[in-house]
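The values are calculated or read from the model by the stated rules, or taken from the named source; none is laboratory data. In this text, all values refer to a predicted model and were calculated from it rather than measured experimentally. Neighbour counts run over all protein chains shown; Cβ positions are idealised from the backbone, glycine included.
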Amino acid sequence: MNHMKRILGIGIALCLQIIIVLTCVEKMTFHLPYYEDQYFKNKVFDAVEMEPKELLFVTQEMLLYLQDKRETLDMKAQVNGVEKEFFNEKEKQHMKDVKNLFLVGYQIRRFSSILLVFSLLLLLLWQVPKWNDLLLKSIQWVTGSLLISIFVISLIIMMDFSRSFTIFHQIFFTNDLWLLDYETDWLIRMVPEPFFYDISVKIGTWILFILGLQWILTTFYFRKITRRRS
């Protein structure tokens with residue numbers, strides 16, 4: 001029974017971290033003002049030959065599509081003064097793959113949330129003594145392990161971001177549609193490699209900050225209640 005309780009505690013802690021990580025990815029990815037800042041920083045408006053308002057509209061619609069709030073990426077935009085279909089078929093197919101990744105992420109987060117609540121209810125129904133100690137220890141251990149892992153992985157990625165970027169796509173995509181051409185595909189002009197580097201750093205920083213704060217608070221609270229009992 002004790003073994004099951006420990007597994008339950010670790011499961012709750014893991015679900016919590018999954019929810020935090022996926023939420024950080026979502027909040028940064030779908031924050032439109034961030035794209036505007038990056039477009040100015042990377043001179044994207046000049047690269048796509050579009051007015052800021054026009055490109056931001058396209059971006060907003062693209063983000064809605066990735067959130068499954070828009071059915072297709074069929075849209076026209078003014079490019080260099082000429083109205084034309086913005087995304088070609090290759091880009092649309094690739095973005096469909098990207099959208100599916102986000103949908104899987106939503107499903108994982110939803111399942112983790114349900115599992116977390118169900119596991120907490122089990123702890124209460126089993127009337128586990130000192131259940132808060134169990135949760136604090138589990139969160140402490142899981143968060144600490146995850147912090148070290150993410151920190152090490154981040155260092156490896158930053159050492160050669162281009163190679164890491166390629167490996168990421170090879171793992172998560174079963175085709176080569178992500179290999180875009182600067183001359184024919186607007187998408188690569190909108191979000192060039194410096195954009196992905198910057199957003200990766202920001203997402204990683206937020207995750208490390210939140211998990212680090214969580215580890216500090218759980219450690220502090222656990223020591224506090226331990227001293228109170230002694």
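Suppose we keep only residues that are of a type in the set (A, V, I, L, M, F, W, C) and in a loop (DSSP other than H, G, I, E, B) within the stretch 62-92. Which one would you say is surrounded by the fewest Cβ atoms within 10 Å (Cβ to Cβ)? Selected residue: 75. One residue is enough: does the stretch 38-53 have a residue meeting the conditions in contact with a Leu (Cβ under 6 Å, 6 or more places away or on another chain), modelled with pLDDT of 95 or more and at negative phi? Scanning the stretch 38-53, I find no residue that is in contact with a Leu (Cβ under 6 Å, 6 or more places away or on another chain), modelled with pLDDT of 95 or more and at negative phi, so the answer is no.
Matching residues to (1) modelled with pLDDT under 95; (2) farther than 25 Å from residue 155 by Cα; (3) in a loop (DSSP other than H, G, I, E, B):
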site	(1), (2), (3)
174	yes, yes, yes
182	yes, yes, yes
205	yes, no, no
219	yes, yes, no
225	yes, yes, no
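Taking the conditions (1) surrounded by 12 or more Cβ atoms within 10 Å (Cβ to Cβ); (2) more than 30 Å from residue 131 (Cβ to Cβ); (3) of a type in the set (A, V, I, L, M); (4) under 20 Å from the mean Cα position of the chain (by Cα) in turn, residue 48 satisfies each one other than (4). Flag set for residue 71, criterion: over 19 Å from the mean Cα position of the chain (by Cα) and either farther than 20 Å from residue 168 by Cβ or touching a residue at least 40 places away in the same chain (Cβ under 8 Å) (or both).
Does residue 19 satisfy being at pLDDT below 95, under 30 Å from residue 139 (Cα atoms) and of a type in the set (A, V, I, L, M)? No: the conditions fail for residue 19. Can you find a residue in the stretch 122-132 that is under 30 Å from residue 51 (Cα atoms) and surrounded by 15 or more Cβ atoms within 10 Å (Cβ to Cβ)? Scanning the stretch 122-132, I find no residue that is under 30 Å from residue 51 (Cα atoms) and surrounded by 15 or more Cβ atoms within 10 Å (Cβ to Cβ), so the answer is no. So which of 103, 146 is surrounded by 15 or more Cβ atoms within 10 Å (Cβ to Cβ) and either in a helix (DSSP H, G or I) or of a type outside the set (S, T, N, Q) (or both)? Exactly one of 103, 146 is surrounded by 15 or more Cβ atoms within 10 Å (Cβ to Cβ) and either in a helix (DSSP H, G or I) or of a type outside the set (S, T, N, Q) (or both), namely 146.
Considering the stretch 73-126, the residues that are of a type in the set (Val, Ile, Thr) and modelled with pLDDT under 95 include one that is farthest from residue 46 (Cα to Cα), namely 117.
On the stretch given as the stretch 165-196, residues that are surrounded by 12 or more Cβ atoms within 10 Å (Cβ to Cβ), without any contact (Cβ under 8 Å) to a residue 24 or more places away in the chain and not hydrophobic (A, V, I, L, M, F, W, C) total 2.
Considering 195, 168, 151, the condition of being within 19 Å of the chain's Cα centre (by Cα), part of a helix (DSSP H, G or I) and modelled with pLDDT of 95 or more is satisfied by 195 alone.
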